[in-house]
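Reviewing the structure listed below.
The values are calculated or read from the model by the stated rules, or taken from the named source; none is laboratory data. A quick note: this is a predicted structure, and the numbers were derived from the prediction, not measured. Quick reminder, even Gly has a Cβ in these numbers, built from the backbone with ideal geometry, and neighbours come from all protein chains shown.
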């Protein structure tokens, strides 16, 4: 079949297998060009490892450090001629490339919040690898079925306490708009913390400790975002921010546990990039479009793979010590949050409107990155060719 992008709201409902494979190969080639990561991880579990920062973490660990990797994710395979999800195609391409290089790569597709998938993962690790020395928690989901209560809980993107109004952009129509959101209820706040906070991360560590597959001195990190003040009402001070604060508290508790055996746990704050999750947050697509323009002009721009390679090679490994901020977080958003960058972004934010959108932002770069998430717009891919959507995980 010939597969073209079909976009509904902030999601592309189709994905291209050859394009996704090309996107994964680009990341692999970038990591290989940087040279080996010395003293890197040996056996790595990435929870949420099929897209975005999770996928890039898996690429950096495997092709930078030669690590064996296990990826856990919840993706849709091809069915009845319908294309699979982008994460499915990404993972299939990653596994194929890893095995071609003689690297161990296995994936588990299922609900990472469930006890069943945790048990299956622990058993796979015990059988094939013995123990894991790096656990990356990069899960992004709009809902969670709690494994203890059976309740399905949803997260929301809302402010807390006060209504919120600010600029945003309709990326499809290229129109600068104004969004308004009412504050979340206490139930919605609790739900968002349950879905996006630190409880499940701790449950993964519990399951691995109980299963005996957590190596002495193991490292674990979970990914977060802070951003500038203009996004705080909807992000850092909103429901997502409450969840991220809970994630940081979980990091402190896990760190205290792992330190007994020389291990460590921390939150890594990453730069704003185009992901399926970020595209759903009001204000953020417009902010990212302006940020991309400023950072590209200053030659500071990084995508997921550049960020994750920098985390592995200049923070966690290569015989370098972790550089924590005052709250105990590793900050990979240091270039984004530079004073000169944020000053320019704030100035452009005040000026931007529909008429000058292309002049004052990198909306085209945003849209290109969005399509690449689903395997579209990659060089060297014939998007008019007939392709088989039925790609299998190894």
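State yes or no: is residue 4 in contact (Cβ under 8 Å) with a residue 12 or more places away in the chain and under 26 Å from residue 215 (Cα atoms)? Walk me through it before giving the result.
Values: in contact (Cβ under 8 Å) with a residue 12 or more places away in the chain: yes; under 26 Å from residue 215 (Cα atoms): no.
For residue 4, the condition - in contact (Cβ under 8 Å) with a residue 12 or more places away in the chain and under 26 Å from residue 215 (Cα atoms) - is not met.
Can you say whether residue 375 is surrounded by 18 or more Cβ atoms within 10 Å (Cβ to Cβ) and either at pLDDT 95 or above or part of a helix (DSSP H, G or I) (or both), as far as the supplied structure shows? Lay out the reasoning, then the answer.
Numbers: surrounded by 18 or more Cβ atoms within 10 Å (Cβ to Cβ): yes; either at pLDDT 95 or above or part of a helix (DSSP H, G or I) (or both): yes.
Here the answer is yes, as residue 375 does meet what is asked.
Can you tell me which residue among 271, 293, 259 is farther than 19 Å from residue 56 by Cβ and surrounded by 21 or more Cβ atoms within 10 Å (Cβ to Cβ)? Outline the logic, then answer.
Details: 271 fails: farther than 19 Å from residue 56 by Cβ; 259 fails: surrounded by 21 or more Cβ atoms within 10 Å (Cβ to Cβ).
Matching residue, one of 271, 293, 259: 293.
Test residue 334 against the stated conditions and say whether it is under 30 Å from residue 266 (Cβ atoms) and surrounded by fewer than 18 Cβ atoms within 10 Å (Cβ to Cβ).
Working: under 30 Å from residue 266 (Cβ atoms): yes; surrounded by fewer than 18 Cβ atoms within 10 Å (Cβ to Cβ): yes.
Taking the combined requirement at face value, the residue satisfies it.
Of the set (1) in contact with a strand residue (DSSP E or B) (Cβ under 9 Å, 6 or more places away or on another chain); (2) buried (at least 18 other Cβ atoms within 10 Å of the Cβ), all apply to residue 324 but (2).
Just give me the residues in region 356-372 being crowded, with 19+ Cβ neighbours inside 10 Å and in a loop (DSSP other than H, G, I, E, B), in sequence order. Across region 356-372, the qualifying residues are 361, 362.
Might you check whether a residue that is over 28 Å from residue 20 (Cβ atoms) and free of Cβ contacts under 8 Å to residues at least 24 places away in the same chain occurs anywhere in region 303-313? Within region 303-313, none of the residues are over 28 Å from residue 20 (Cβ atoms) and free of Cβ contacts under 8 Å to residues at least 24 places away in the same chain. With the structure loaded, tell me whether residue 386 is outside any helix (DSSP H, G or I) and touching a residue at least 60 places away in the same chain (Cβ under 8 Å) or whether it fails that test. Yes.
Considering region 234-251, and only residues there that are outside any helix (DSSP H, G or I) and surrounded by 23 or more Cβ atoms within 10 Å (Cβ to Cβ), the residue that is modelled with the highest pLDDT turns out to be 238.
With respect to being at pLDDT below 95, under 20 Å from residue 74 (Cα atoms) and touching a helix residue (DSSP H, G or I) at 6+ places or on another chain (Cβ under 9 Å), residue 142 fits the description. Candidates are the residues of region 107-117 that are in contact with a strand residue (DSSP E or B) (Cβ under 9 Å, 6 or more places away or on another chain) and in contact (Cβ under 8 Å) with a residue 40 or more places away in the chain; the one that is surrounded by the most Cβ atoms within 10 Å (Cβ to Cβ) is 113.
Conditions (1) closer than 27 Å to residue 38 by Cα; (2) in contact (Cβ under 8 Å) with a residue 24 or more places away in the chain; (3) part of a loop (DSSP other than H, G, I, E, B); (4) touching a helix residue (DSSP H, G or I) at 6+ places or on another chain (Cβ under 7 Å), marked per residue:
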| site | (1), (2), (3), (4) |
| --- | --- |
| 274 | no, yes, yes, yes |
| 287 | no, yes, no, yes |
| 318 | yes, yes, yes, no |
| 326 | no, no, yes, no |
| 337 | no, yes, yes, no |
| 344 | no, yes, no, yes |
| 354 | no, yes, yes, no |
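Could you tell me which residue of region 10-22 is nearest to the chain's Cα centre (by Cα), considering only residues that are in a helix (DSSP H, G or I) and under 15 Å from residue 78 (Cβ atoms)? If you could, list the steps in order and put the result at the bottom.
At the first step, the residues of region 10-22 found to be in a helix (DSSP H, G or I) are 17-22.
Right, trim to under 15 Å from residue 78 (Cβ atoms) and you get 17-21.
Working: 17: 20, 18: 21, 19: 19, 20: 16, 21: 18 Å.
Ranking the candidates gives 20 first.
Among the residues making up region 202-214, those that are buried (at least 19 other Cβ atoms within 10 Å of the Cβ) and outside any helix (DSSP H, G or I) are 213, 214. Among the residues of region 59-90, those identified as more than 18 Å from residue 6 (Cα to Cα) and touching a residue at least 60 places away in the same chain (Cβ under 8 Å) are 59, 60, 61, 64, 65, 67, 68, 70, 74, 90.
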